[in-house]
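Asks: Below you will find the structure I want to go over with you.
The values are calculated or read from the model by the stated rules, or taken from the named source; none is laboratory data. Worth saying up front: this structure is predicted, and the values here are computed from it rather than measured. All Cβ positions, even for glycine, are placed from backbone atoms using ideal geometry, and neighbour counts span all protein chains on display. Note: accessible area is taken over every heavy atom of the protein model, side chains too, but ligands, DNA and RNA are not part of it. Shrake-Rupley method; radii C 1.70, N 1.55, O 1.52, S 1.80 Å.
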Amino acid sequence: MFIWAIFLETAFLLALAGAVLGLIHWKNRKKRLPFTQKILRPPGESLRVRLVELDEKMNDRLIQLFLAAYSPLIMAGLVALQGVRPGIGVWITIAVIAAIASICSAHRLWKVINLRRRIRLGFEGERHVGEALNQLMLAGYRVFHDFLITDKPRLIRNIDHIVIGPNGVFAVETKTRRKVKGEGGAKVTVLDNVLQYPWGLDQRDLAQAQEDSAWLAEWLSKMSNEPVKVGSILALPGWFIDRRSKPAVTVLSGSEVAANIPKLNGTATDDSEIRRLAAIIEDRNRSVEY
C-alpha cells in the first residue's frame, strides 16, 4: 500500500507540474509587448544572462541529485510490484550505486553554486560602478555599459563601461574581489604594472584593462575614420587604493570613479565629437530585446 501511495503521489505531482507549465505557455502564446525597440545594455548585462543560465543549470543539478537519492525507493517499488524478493546483495548494490550517483550529482551542484557565487559578485560590482558612472551624465558625459566585443569567431567578451566626455574617451574595466580579514585586508597596492592584493600579486587586471582600451581605440578609429585615443581605467569597488607608482592604467576604487574621471588628462573632445562617438557606440550597444 505504501508503494502505491508513493507512485500515486509522484504521478499527481508530475501531472500538476505539466498542467501549470501548459497553462503558462497558453497564457503567453498571444502576449505582445507594446514596444519593439531594443534598449541599451545595463551594467553587468552579460553577467546577468550568465546568472540566469546558471540558475537553470542549478535546477537541473538539483533534480539530478533528487533522482539519484530517490532511485533506491523507485527500484524497491518496481521490484515489489513484480512480486520479486531479491537478496540483500542486490539491495546493497543498488544502495552503493545510488550513493555514488548522489555524490557525483552533489559535486556537480557544488561547482555550479561556487561559479554562480563568483559571477554574482562580479555582477554586483559592475552594478555598483555603473551607478557611480551614471552620475557623470549630469556633467555632460555619455556613459555606456557592457559593450560586447564579438569580432573574433566564437569569442565574446565585453568592455564593462565606456565613458565619453570633454576630456576624452575612457574604457573602464571593473574587477570585484572579496576582501580578507585582518589588517590591510581591504587595501590593494599599485606597483609598476602589477597590483598587490593581500593574497599576492596580480598582473591580469591591468593587462585586461589595457587590452580593452586598445581594442576600443582601434575600433572607434576604424568606425569614425579618424584616430581616437582611449584612456584605460581599472575600477576596484570596495577597495582602498595605495598608489606607489603610476602605470598606464588609472586605478580607482568604485567610490572614486565619478569624481576622478573629469580630472584625467585625456584628449580634448568637443560636443559634436562626443555626440558622434556616442552615436557609433550606441548603435552597437542597443541590443537588449524582450
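Asks: Report the calculated FRET efficiency for ILE280 and LEU115 (r = Cβ-Cβ distance, R0 = 45 Å), to the nearest 0.05.
Replies: Once the sixth-power term is evaluated, E becomes 0.85.
Asks: Give me the extension gain from ASN260 to LYS57: residue separation times 0.36 nm, minus the current Cα-Cα distance, reported in nm with one decimal.
Replies: Contour length minus the Cα-Cα distance gives 69.0 nm.
Asks: List, in the order given, every pair from LYS229/LYS263; LYS38/LYS229; LYS179/LYS229; LYS111/LYS187 whose Cα-Cα distance in the structure shown is over 22 Å.
Replies: Pairs exceeding 22 Å: LYS38/LYS229; LYS179/LYS229; LYS111/LYS187.
Asks: Additional query: Mind checking which aspartates and glutamates have their C-alpha under 19 Å from LYS222, skipping anything on the same chain fewer than 8 residues away?
Replies: Reachable aspartates and glutamates: ASP151, GLU211, ASP212, GLU273, GLU282, ASP283.
Asks: Something else: Under 15 Å from a label point 7 Å along Cα→Cβ of ALA214: give me every residue in the range 173-194 with its amide N that close.
Replies: 193
Asks: Follow-up. With just the Cα atoms defining each centre, how far is the range 102-174 from the range 236-290? Give it in Å.
Replies: 13 Å
Asks: Please work out the FRET efficiency for the pair MET223 and PHE66, using the Cβ-Cβ distance as r and a Förster radius of 41 Å; give the result to the nearest 0.05.
Replies: My answer for the efficiency is 0.20.
Asks: Within straight cross-link reach of LYS175, meaning Cα distance under 12 Å, which aspartates and glutamates are found once same-chain residues fewer than 8 apart are removed?
Replies: Straight-line reach from LYS175, under 12 Å: GLU124, GLU126, ASP160, ASP202, ASP205.
Asks: Whole number in Å², please: accessible area per residue of the range 178-242, 1.4 Å probe, ligands, DNA and RNA not counted.
Replies: Heavy-atom SASA per residue in the range 178-242 reads 56 Å².
Asks: If amide H atoms are built 1.01 Å from N in the plane of the peptide, which residues on other chains or at least 5 residues away come under 5 Å of the amide H of VAL228?
Replies: Those qualifying (amide H under 5 Å, at least 5 residues apart or on another chain) are SER221.
Asks: A further question on this structure: Roughly speaking, to the nearest percent, how much of the range 198-290's 1.4 Å accessible area is carbon and sulfur?
Replies: 48 percent
Asks: Residue separation times 0.36 nm, minus the C-alpha to C-alpha distance between LYS246 and LEU138: what's the value?
Replies: 36.0 nm
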